[in-house]
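Beneath this line is the structure, given in structure tokens, with notes to follow.
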Amino acid sequence: MSGKILVTYASRTGSTIGVAEAVAQTLIDHKLEVDVLPMQDVASVAPYHAVVAGSAIQAGAWLPEAMQFLKTHQRQLNQKPFAAFLVCMTLALKNESMREQANVGNWLQPVRALVRPISEGLFAGILDISKVPSFSERMKFRVSVLSGVWSEGDHRDWDAIHTWADELSDLLQ
Ligand SMILES: Cc1cc2nc3c(=O)[nH]c(=O)nc-3n(C[C@H](O)[C@H](O)[C@H](O)COP(=O)(O)O)c2cc1C
């Protein structure tokens, strides 16, 4: 395969950046050439052979700036291999049946409607209540933690992230 791969992300409190960097590093380990950029710094996807885009989830959806990135570059993205991932807290729910019921893969439906991914990664993120800007959201998260639904901390599963990126590198070769 020739040509660079763009790994791009939208994040509010930083955890998606770490996931994007881990995906990029795995692709580099497979001898692929990679740029890692926040979506707002991507002027054009034209120079890239393939694009891997990921966003944090808020209110059951990719961040608005991530959806805007897809809309802005939709035509070009549909002409190259495109993979999508999300980072959320639902995948860190302690209760397995609640995790399954949430069906977080559905949150990528608006993404699929714009650009069809060749692969999708669904990852748990970080819950750091001190970084949540809104008071009412902080209260909601505190109640969820106190009631045992969620636990604070870094729930990113690096093995799952590397495994997905390993499989993706095969698709991109
Ligand atoms: C205001 C707000 C809303 C959120 N909404 C959801 C949600 O609907 N579902 C979910 O699973 N996680 C939700 N989360 C958790 C984030 O997706 C998770 O903390 C993620 O790791 C954040 O990524 P970031 O650090 O890259 O911004 C929410 C977090 C915040 C701060």
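Among residues of segment 64-91 that are on the phi > 0 side of the Ramachandran plot, none has a Cβ under 6 angstrom from a residue that is small (Gly, Ala, Ser) at a sequence gap of 6+ or on a separate chain. Evaluate the following for ALA124: is it in contact with a His (Cβ under 6 Å, 6 or more places away or on another chain), under 23 Å from ALA20 (Cα atoms) and modelled with pLDDT of 95 or more? Judged against the criteria, ALA124 is a match. Criterion first (touching a residue at least 24 places away in the same chain (Cβ under 8 Å), over 21 Å from ILE5 (Cβ atoms) and among the aliphatic types (A, V, I, L, M)) does LEU127 satisfy it? Here the answer is yes, as LEU127 does meet what is asked.
Looking across ARG142, ARG156, one residue alone is at pLDDT below 95 and of a type in the set (Lys, Arg). It is ARG142. In segment 4-28, of all residues being farther than 18 Å from ARG156 by Cβ and open to solvent by 10 Å² or more (accessible area, probe 1.4 Å), the one that is nearest to the ligand (Cβ to nearest atom) corresponds to ILE28. Of all residues in segment 133-150, those that are aliphatic (A, V, I, L, M) and touching a strand residue (DSSP E or B) at 6+ places or on another chain (Cβ under 9 Å) total 1. Residues in segment 153-163 include at least one that is out of contact with any His (no Cβ under 6 Å at 6 or more places or on another chain), over 21 Å from ALA10 (Cβ atoms) and within 11 Å of the ligand (Cβ to nearest atom). Of all residue pairs spaced 6 or more apart or on separate chains, none has beta-carbon atoms under 9 Å together with a first member in segment 92-116 that is free of Cβ contacts under 8 Å to residues at least 12 places away in the same chain and closer than 13 Å to MET67 by Cα and a second member that is open to solvent by 70 Å² or more (accessible area, probe 1.4 Å) and away from the ligand (no atom under 13 Å from the Cβ).
Only one of the numbered conditions (1) exposed (fewer than 15 other Cβ atoms within 10 Å of the Cβ); (2) at negative phi; (3) more than 14 Å from the ligand (Cβ to nearest atom) is not met by GLY148, and that is (2).
The values are calculated or read from the model by the stated rules, or taken from the named source; none is laboratory data. From a predicted model like this one, the values you see are computed outputs, not experimental measurements. So basically every Cβ, Gly included, is an ideal-geometry build from the backbone, and we count neighbours across all protein chains shown. All accessible areas refer to the heavy atoms of the entire protein, side chains included, with ligands and DNA or RNA removed. Shrake-Rupley method; radii C 1.70, N 1.55, O 1.52, S 1.80 Å.
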